[in-house]
Amino acid sequence: MISYLSNILKLPSLYFTLMDNLKVQRKYMRTTLYRDVDESRKSSDSSLSEKDYIKINKYYGLAVPAVLGESFASLRANKLALNERKTLTYLGALTGLYDDFFDKTDFSHDHIIGLTEHKNVEVSTDHERLFLKFFNIAMESAKHPSQIRNFIHNVFNAQVASKKQVGKNISKEEIMSITQQKGGYSLLFYRGGMNIPMNEDEKTFLYKIGGLLQLENDIFDIYKDNVDSIRTLATIEIHMENLRNTYIKLTEEVIDAVLYSNFPIKNKQQFLRIISMVVCRGYVCLDMLQKNELKTDNKFQIEKYQRNELICDMEKPINFLKSVHYYSKTRF
């Protein structure tokens, strides 16, 4: 009870810090990323949609520096340096574009690799041009561009492996492995944009966190993934309590890995508070999904549920309050 109340009391300060970080990032984007997106809109061909631009401006380009970047910096009690903000802004902005190379185009693997290796690759779409622009800006502003280049190879391999999730010839263990690789290497890819190189402790727990965040993303995307016949730990589960136990186990492993690292305790606690604000949303979605089992003989039968029964709206006040409850129960 004492830790619960302590977490509640610290939450307003954390919340306002997050809001301020988002405000600072939006201000930065007005003179950088927003202009690049507006320029692309004027000449865009059919390879880019308004949805792509929204993902760039309102999600990845905003959240990667303002949430992940600030959490990375908090481990050393720092604020983001200007070049770090620039690098992470553009690494975030290119995320959706890179994912779509695998999901929405028929580009060969060699072509996708060539786009990130400065090979003499011929491009024909605005999708490719905008990706290259963002990637080059990020690499030019990064203090250690080789780190980014190394991790994007890992991300590429994880993306290729994830294609196995379309269809039924894949085991639960292999899905778990792909989930961990895809999320873990993506987070390390972003971390490569920071000025101070990672130590081994940090690399270990960030990889774990990335896997947890990917699982959370799959939980929220359960409806879309099922429509697209993508097998994730969420779409194949028949008892959501099992998935909840997996989520709890991974969360506890993350907390232990962070707390056992060699960073100052106050920095570790601040870092965990930021990450936990994101992770606790997953429990709210699991609650909603698990309630569906009451309608179908206490088994989760995804094909029998309506769209609104599989999509968790975190903008609803009740869901926000539930996430606060789960956050306050977290061990820091």
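Could you list, in sequence order, all residues of segment 173-198 that are farther than 24 Å from LYS86 by Cβ and surrounded by fewer than 17 Cβ atoms within 10 Å (Cβ to Cβ)? GLU173, GLU174, MET176, SER177, listed by residue number.
Of the numbered criteria (1) assigned to a helix (DSSP H, G or I); (2) over 17 Å from the mean Cα position of the chain (by Cα); (3) of a type outside the set (Phe, Trp, Tyr); (4) not assigned by TED's automatic domain parsing to the domain that holds ASP38, the one ASP225 fails is (2).
Do we have any residue at all in segment 9-27 that's assigned by TED's automatic domain parsing to the domain that holds ALA161, acidic (Asp, Glu), crowded, with 22+ Cβ neighbours inside 10 Å and farther than 15 Å from ASP126 by Cα?
Quick first cut of segment 9-27, residues assigned by TED's automatic domain parsing to the domain that holds ALA161 only: 9-27.
Right, trim to acidic (Asp, Glu) and you get 20.
Checking the rest, the ones that are also crowded, with 22+ Cβ neighbours inside 10 Å come to none.
Within segment 9-27, none of the residues are assigned by TED's automatic domain parsing to the domain that holds ALA161, acidic (Asp, Glu), crowded, with 22+ Cβ neighbours inside 10 Å and farther than 15 Å from ASP126 by Cα.
Of the residues making up segment 230-257, those that are among the acidic types (Asp, Glu) and either more than 19 Å from the chain's Cα centre (by Cα) or closer than 16 Å to ARG281 by Cα (or both) are GLU237, GLU241, GLU252, ASP256.
Can you find a residue that is of a type outside the set (Lys, Arg) and more than 27 Å from ASP225 (Cα to Cα) anywhere in segment 94-114? Outline the logic, then answer.
As a first pass, look at segment 94-114 and keep what is of a type outside the set (Lys, Arg): 94-103, 105-114.
Subset that is more than 27 Å from ASP225 (Cα to Cα): 114.
Yes, segment 94-114 contains a residue that is of a type outside the set (Lys, Arg) and more than 27 Å from ASP225 (Cα to Cα).
Scan segment 293-332 for residues that are over 21 Å from the mean Cα position of the chain (by Cα) and over 28 Å from GLY69 (Cα atoms) and the total you get is 18.
Quick check on segment 53-60. Is at least one of its residues touching a residue at least 40 places away in the same chain (Cβ under 8 Å) and not assigned by TED's automatic domain parsing to the domain that holds SER328?
yes
Criterion applied to GLN181, GLN159, GLN147 was being outside the structural domain of LYS55 (by TED's automatic domain parsing), within 26 Å of LEU213 (Cα to Cα) and outside any loop (DSSP other than H, G, I, E, B), and the one residue passing it is GLN181.
Just to be sure, is GLN290 under 19 Å from LYS329 (Cβ atoms), over 19 Å from the mean Cα position of the chain (by Cα) and either modelled with pLDDT of 95 or more or of a type in the set (Asp, Glu) (or both)? Steps first, answer last, please.
Values: under 19 Å from LYS329 (Cβ atoms): yes; over 19 Å from the mean Cα position of the chain (by Cα): yes; either modelled with pLDDT of 95 or more or of a type in the set (Asp, Glu) (or both): yes.
Criteria met by GLN290.
One residue stands out in segment 65-90 among those that are among the β-branched types (Val, Ile, Thr) and within 16 Å of ARG26 (Cβ to Cβ): the one that is farthest from the chain's Cα centre (by Cα), namely THR89. The residue that is surrounded by the most Cβ atoms within 10 Å (Cβ to Cβ), counting only those in segment 295-316 that are more than 22 Å from CYS280 (Cα to Cα) and among the polar types (S, T, N, Q), is THR296. Of all the criteria given as (1) out of contact with any helix residue (DSSP H, G or I) (no Cβ under 8 Å at 6 or more places or on another chain); (2) buried (at least 16 other Cβ atoms within 10 Å of the Cβ), the one not satisfied by ASN319 is (1). So is SER124 over 17 Å from TYR190 (Cβ atoms), in contact with a His (Cβ under 7 Å, 6 or more places away or on another chain) and not in a helix (DSSP H, G or I) or not? Spelling it out, it is not the case that SER124 is over 17 Å from TYR190 (Cβ atoms), in contact with a His (Cβ under 7 Å, 6 or more places away or on another chain) and not in a helix (DSSP H, G or I). TYR4 fulfils the conditions (1) closer than 26 Å to ASN195 by Cα; (2) aromatic (Phe, Trp, Tyr); (3) over 24 Å from the mean Cα position of the chain (by Cα) except for a single criterion, (1).
Let's see how each residue does on (1) touching a helix residue (DSSP H, G or I) at 6+ places or on another chain (Cβ under 7 Å); (2) more than 16 Å from GLN147 (Cβ to Cβ):
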site: ASN83; (1), (2): yes, no
site: LEU88; (1), (2): yes, no
site: LEU91; (1), (2): yes, no
site: THR95; (1), (2): yes, yes
site: TYR98; (1), (2): yes, yes
site: THR105; (1), (2): no, yes
site: ILE112; (1), (2): yes, yes
site: LEU115; (1), (2): yes, yes
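Annotation note: Cβ proximity below 8 Å between a residue of segment 266-286 that is over 12 Å from PHE220 (Cα atoms) and aromatic (Phe, Trp, Tyr) and a residue that is modelled with pLDDT of 95 or more and part of a helix (DSSP H, G or I) (sequence gap 6+ or interchain) occurs for PHE271/SER71; PHE271/SER74; PHE271/VAL258.
The values are calculated or read from the model by the stated rules, or taken from the named source; none is laboratory data. The structure presented is a predicted model; accordingly, all values stated were derived computationally and were not measured. FYI the Cβ positions are ideal-geometry reconstructions off the backbone, even for glycines, and counts take in every protein chain you see.
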